[in-house]
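Engineer: Quick one: the structure is below, questions incoming.
Every read-out reported here was derived from the displayed coordinates using simple, explicitly stated rules and does not represent laboratory data. Computed from a prediction, not measured in an experiment: that's the story for all the values here. Counting neighbours? That spans all protein chains shown, and the Cβs are built from the backbone with ideal geometry, glycine included.
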Amino acid sequence: MDNKYRYLTKIVRNMRLEKIREGDLLNENEREALRYITKHDNLILNDLVWYLNVNKALVTRICKKLASLGLISMTEGIDKRTKFLNATDEGRSYKESIQSFEIKYYESLFKNINKDELEIFFNVLEKVYIESKRIRKEARMK
């Protein structure tokens, strides 16, 4: 494999390390879970299992941590096996702070790239993202 592809992984890793240095309390799965929960009211825990593509026990631990930090609420459904997840106001605020950090981080990376190059970069990035979603959807159907 060409090392150019590793740059993507390294950029994301460097951002994660910077978040840790800044004192972020959550790991990547926990942050992604919080993002997803803030987008969906009354999200069913099993939907989060599918989205994160990890086992239910891990998602349960993630949700318990997020709830203990006051970032989400977990309520039982009628059958008590179904768990509904909702972001709290504090959780929405925390997600916004994560998003703000990411925007500032990426803007600092792009500061020496001209407008035309950025436009090309983001057009290509959008194509890559759409293809990654297609591949994920295809894998889910198998």
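Engineer: Which condition number in (1) assigned to a helix (DSSP H, G or I); (2) exposed (fewer than 13 other Cβ atoms within 10 Å of the Cβ) is the one that residue 101 fails?
Structural biologist: Among (1) assigned to a helix (DSSP H, G or I); (2) exposed (fewer than 13 other Cβ atoms within 10 Å of the Cβ), residue 101 violates only (2).
Engineer: Here's something else I'd like to know. Test each condition in (1) free of Cβ contacts under 8 Å to residues at least 24 places away in the same chain; (2) exposed (fewer than 14 other Cβ atoms within 10 Å of the Cβ); (3) touching a helix residue (DSSP H, G or I) at 6+ places or on another chain (Cβ under 8 Å) for residue 82 and report the one that comes out false.
Structural biologist: (1)
Engineer: Within region 80-93, track down each residue that is closer than 15 Å to residue 35 by Cβ and assigned to a helix (DSSP H, G or I).
Structural biologist: In the first step, residues of region 80-93 are kept if they are closer than 15 Å to residue 35 by Cβ; the result is 85-88, 90-93.
Within region 80-93, 90, 91, 92, 93 qualify.
Engineer: Considering region 1-47 alone, what residues qualify as being of a type in the set (A, V, I, L, M, F, W, C), farther than 15 Å from residue 101 by Cβ and under 11 Å from the mean Cα position of the chain (by Cα)? If you could, list the steps in order and put the result at the bottom.
Structural biologist: First pass over region 1-47, keeping only residues of a type in the set (A, V, I, L, M, F, W, C): 1, 8, 11-12, 15, 17, 20, 25-26, 33-34, 37, 43-45.
In the following step, the residues that additionally are farther than 15 Å from residue 101 by Cβ were identified as 1, 8, 33, 37, 43-45.
33, 37, listed by residue number.
Engineer: Another question about this same structure. Would you check if there is a residue in region 117-128 being among the charged types (D, E, K, R), within 19 Å of residue 33 (Cβ to Cβ) and either assigned to a helix (DSSP H, G or I) or free of Cβ contacts under 8 Å to residues at least 60 places away in the same chain (or both)? Break it down stepwise before answering.
Structural biologist: If we filter region 117-128 for residues that are among the charged types (D, E, K, R), which is where we start, we get 117, 119, 126-127.
Still in the list and also within 19 Å of residue 33 (Cβ to Cβ): none.
The answer is no, given that none of the residues of region 117-128 is among the charged types (D, E, K, R), within 19 Å of residue 33 (Cβ to Cβ) and either assigned to a helix (DSSP H, G or I) or free of Cβ contacts under 8 Å to residues at least 60 places away in the same chain (or both).
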